[in-house]
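Student: Below you'll find the structure I mean.
The values are calculated or read from the model by the stated rules, or taken from the named source; none is laboratory data. What you are looking at is a predicted structure, and each value in this text was computed from that prediction instead of being measured. Please note: Cβ atoms are built from the backbone with ideal geometry, for glycine as well, and neighbour counts cover all protein chains shown. Each accessible area value is taken on the protein alone, full model and side chains, heavy atoms only, with ligands, DNA and RNA left out. Shrake-Rupley method; radii C 1.70, N 1.55, O 1.52, S 1.80 Å.
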Amino acid sequence: MSKKVRVRFAPSPTGGLHLGGVRTVLYNYLFAKKNKGDFIVRIEDTDQNRYVPGAEEYIFETLKWCGLEPDESVQHGGSYGPYRQSERKEIYRQYAEKLVAEGHAYYAFDTPEELEKMRQDFKTAQNPSPQYDHTIRMRMRNSLTLSTEKTKELLDAGTRQVIRIKMPEKETVSFTDMIRGEVSFDSSTVDDKVLLKADGMPTYHLAVVVDDHLMQISHAFRGEEWLPSAPVHILLWKYLFGLENMPQWAHFPLILGPNGKLSKRDGAKYGFPVFAMNWTDPKTGELTEGFKEKGFLPEAFINLLALLGWNDGTEQEIFSKEELIEKFSMERVHSAGAKFDYEKAKWFNHEWIKRMKVEDLNPKVSELLVQSGITITNKDLLDKIITLVKDRCTLLTDFIQQSTFFFKAPEEVDVDAVKPKWSEAKKLFFAELIRNYELAPDWNAHTLETNFKEIASVNDLKPGELMLPFRIMLVGGKFGPGVFEIAELLGKEETIKRMQFAISKF
Ligand code: GLU
């Protein structure tokens, strides 16, 4: 029987979740669900200096909003916990010590000053920032250069020390990446990374390997930015576990912005969101806008993310989560960077709004309108409004402009759009129209339109030229759905009131 699929998303809680991070979650999730496996979220918070309050809660809220709920996590429980690395601190030392005992790692006692001196002493034009690696390690203060007695003495005295991996000098480290195929590294180019820090915390490199092992992770999928760390992880898997049950690896392509890798700054510069949800940096107070608050539906957000780096081999672009689970395959994930196009992202959202059932849109639109100060007492009326305007809304927030005028008479009327072409004949037409509408027995769009056109024709006026003033009277500007549908929903009294008020201004 093949091994149960268990994948993990392993974020460090250092800030908001970027598009690329959510896409990593999504691909992990889809792969797990497709293979009836488990999706685990592990919080990698061993770097205490980078800890940001609120970031962990933000991650879980984002997953919830996207509908990508983990099977196991700090919040969901599970039998492989704790799922927060800082709570697993005690686990890692024994692995680091085992590596030392077997000659794959060593204690390093160098002080920050000594490390700085090394960087200065070995700096050359070709090598401006020398690393602690096989060319340098024998000139430093560590258990490879000190005698066994001296090392023991320093350890017994509790001297500050770290454990570093001893990277082999000449070894080709290879592994198969599910997206890139065979990937090889020359071990001599990689430095002796710290595995266990002076504060007793593991670094990411040690913790990721130990936890993937203990949590029985079958596939480790992550962003391309982690590819350079892969040789360290492969060697640790070899030294600690003889490569037994090592997960299959995949590194997802970068998401590209207008100038290379998509960054937070691109978002601010070009006016599009880069994070899933709004994120306020607790230190600087800086707000980075999110797709959620911008007015994206989670369905559209995951759909557009799925297609940033994957397609099903057909022209199909709109996929529900269920379809994505059914169709997703790692074979169809590209290795080249995927370009993010905000116009296309909005297109996805528009398509999803058009497809979404009115009853599902109602609570979302209602929430937005209430936030903008509108009181909604009639759910059915809102249903009718949504039906009427949804095709015109690209973002959920567009519903505010497209429906506010149903609840509130416009505060400003675009007089300038009407005045230059306003005439005595038009004034008379609208006066007659008001009289007609006052008496209209059936208040529905069809009758209102028929009467409008008849009166126009009797007065020898083109309905086309009367439509814009009528619209401006009702909504205040040049927007909104069909004007007779608007009048129908506004009702007789309100329609006539708005007409009279606007006419007095033209
Ligand atoms: N903690 C890493 C991060 O912040 C995880 C990388 C991995 O998945 O191995 O993205």
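Student: May I ask you to work out the translational diffusion coefficient for region 141-279 at 10 °C, viscosity 1.306 mPa s, via Stokes-Einstein with Rh from the Kirkwood sum over Cα pairs, reported in whole µm²/s?
Tutor: 89
Student: Could you order peptides 68-74, 120-126, 8-14, 493-499 by the average number of other Cβ atoms within 10 Å of their residues, highest first?
Tutor: 8-14, 68-74, 493-499, 120-126
Student: Now for a different question. Keeping all protein chains in place, calculate the accessible area per residue for the chain (probe 1.4 angstrom), answer in Å².
Tutor: Normalised by residue count, the accessible surface of the chain is 48 Å².
Student: Specify the angular offset, from 0 to 90 degrees and rounded to the nearest 10, of the alpha carbon long axis of helix 19-34 from the longest principal axis of the alpha carbons in the chain.
Tutor: Approximately 80 degrees, to the nearest ten.
Student: May I ask you to list the lysines whose Cα is less than 18 Å away from that of Lys283, ignoring any residue fewer than eight positions away on the same chain?
Tutor: Lys264
Student: Would you kindly state how much longer the chain becomes between Thr159 and Thr14 on full extension, computed as 0.36 nm times their sequence separation minus their alpha carbon distance, in nm to one decimal?
Tutor: Between Thr159 and Thr14, full extension yields an extra 49.2 nm.
Student: For Glu315 and Ser335, what is the calculated FRET efficiency with R₀ set at 30 Å and r taken between the beta-carbons, to the nearest 0.05?
Tutor: My answer for the efficiency is 0.85.
Student: Oh, and also: One quarter of the convex hull surface, Cα atoms only: what value does that give for region 35-92 in nm²?
Tutor: Across all orientations, region 35-92 yields a mean hull projection of 4.9 nm².
Student: For Lys462, list the aspartates and glutamates whose Cα falls under 14 Å from its own Cα; do not include residues on the same chain fewer than 8 positions away.
Tutor: Excluding near neighbours in sequence, the set is Glu449, Glu454.
Student: Tell me the Kirkwood hydrodynamic radius of region 184-253 in angstroms, computed as one over the mean inverse distance between distinct C-alpha pairs.
Tutor: Taking the inverse mean of 1/r over all distinct Cα pairs, region 184-253 comes out at 12.8 Å.
Student: Next up: Calculate how steeply helix 463-475 sits against the longest principal axis of the alpha-carbon atoms of the chain, using the helix alpha-carbon long axis, and give the answer as 0 to 90 degrees to the nearest 10.
Tutor: Rounded to the nearest ten degrees, it is 60.
Student: Could you tell me the calculated FRET efficiency between Glu169 and Thr397, based on Cβ-Cβ distance and R0 = 60 angstrom, to the nearest 0.05?
Tutor: The value I calculate is 0.55.
Student: How far, in nm, would the chain grow between Ala268 and Asn49 when pulled straight, counting 0.36 nm per residue and subtracting the alpha carbon separation?
Tutor: The span from Ala268 to Asn49 would gain 76.2 nm if fully extended.
Student: At a Cα cut-off below 19 Å, give the lysines reachable from Lys492, other chains included and same-chain residues fewer than 8 away excluded.
Tutor: Lys384, Lys408, Lys453
Student: Next up: If packing is taken as the average number of other Cβ atoms within 10 Å across a peptide's residues, how do 475-487, 328-340 rank, most packed first?
Tutor: 475-487, 328-340
Student: So between Lys462 and Lys478, what do we pick up on full extension, going 0.36 nm a residue minus the alpha carbon distance?
Tutor: Extra length available between Lys462 and Lys478 comes to 3.9 nm.
Student: Give me the percent of the accessible area of the chain that comes from carbon and sulfur atoms, probe 1.4 Å, all protein chains in place.
Tutor: 49
Student: So, one more: What spacing in nm lies between the two simple spin-label points modelled at Arg139 and Glu225, each 7 Å away from Cα in the Cβ direction?
Tutor: Placing both labels 7 Å along Cα→Cβ, they lie 3.3 nm apart.
Student: Shifting gears a bit: State whether region 212-335 is rounded, prolate or oblate according to the following rule on the C-alpha gyration tensor (a ≥ b ≥ c being the square roots of its eigenvalues): a/c under 1.5 gives rounded; otherwise a/b larger than b/c gives prolate, and the remaining case gives oblate.
Tutor: Here region 212-335 falls in the oblate category.
Student: Now for a separate question. Which order do the peptides 260-268, 279-287 take when ranked by the mean count of other beta-carbon atoms within 10 Å per residue, highest first?
Tutor: Packing order, densest peptide first, comes out as 260-268, 279-287.
Student: Let me ask something else about it. Evaluate the relative contact order of region 236-373 (contact order divided by residue number), counting alpha-carbon pairs under 8 angstrom at least 6 apart; express in whole percent.
Tutor: Contact order relative to length: 24 percent.
Student: For region 431-498, what class follows from the C-alpha gyration tensor (a ≥ b ≥ c being the square roots of its eigenvalues): rounded when a/c is under 1.5, otherwise prolate if a/b is larger than b/c, else oblate?
Tutor: Note, shape of region 431-498 comes out oblate.
Student: Turning to a different aspect of this structure: Please give the net charge around Glu61, taking every other residue with its beta carbon less than 15 angstrom from that of Glu61, where Lys and Arg add +1 and Asp and Glu add -1.
Tutor: Every neighbour counted, the sum reads -2.
Student: Between Asp186 and Lys123, how high is the FRET efficiency from 1/(1 + (r/R0)^6) when r is the Cβ-Cβ distance and R₀ = 30 Å? Nearest 0.05.
Tutor: Between Asp186 and Lys123 the formula returns 0.85.
Student: Additional query: Counting only C-alpha contacts under 8 Å and six or more residues apart, can you give the relative contact order of the chain as a whole percent?
Tutor: Rounded, it is 13 percent for the chain.
Student: Under the definition of Cα pairs under 8 Å and six or more residues apart, what whole-number percent is the relative contact order of region 354-458?
Tutor: Once divided by the residue count of region 354-458, the mean separation gives 20 percent.
Student: Return the distance in nm (one decimal) between the two label points of a simple spin-label model at Ala425 and Ser147, each offset 7 Å from Cα along Cα→Cβ.
Tutor: 11.3
Student: Using 26 Å as the Cα-Cα cut-off, could you pick out the over-long pairs in Lys238/Lys261; Lys321/Lys346; Lys89/Lys170; Lys3/Lys238; Lys123/Lys150?
Tutor: The pairs that break the limit, which is 26 Å between Cα atoms, are Lys238/Lys261; Lys89/Lys170; Lys123/Lys150.
Student: Continuing with the same structure: Answer rounded, prolate or oblate for region 346-426, using the Cα gyration tensor with square roots of eigenvalues a ≥ b ≥ c: rounded when a/c is under 1.5, else prolate when a/b is larger than b/c, else oblate.
Tutor: prolate
Student: Taking Cα atoms of region 249-320, Rg/Rh with Kirkwood Rh, to two decimals?
Tutor: We get a ratio of 1.02 for region 249-320.
Student: While we're on this one: Provide Rg over Rh for region 316-457; use the alpha carbon set for both Rg and the Kirkwood Rh (inverse mean inverse pair distance).
Tutor: 1.13
Student: For a 31 Å ceiling on Cα separation, which of these pairs sit above it: Lys294/Lys426; Lys379/Lys478; Lys354/Lys421; Lys64/Lys478; Lys36/Lys269?
Tutor: Check vs 31 Å cut-off fails for Lys294/Lys426; Lys354/Lys421; Lys64/Lys478; Lys36/Lys269.
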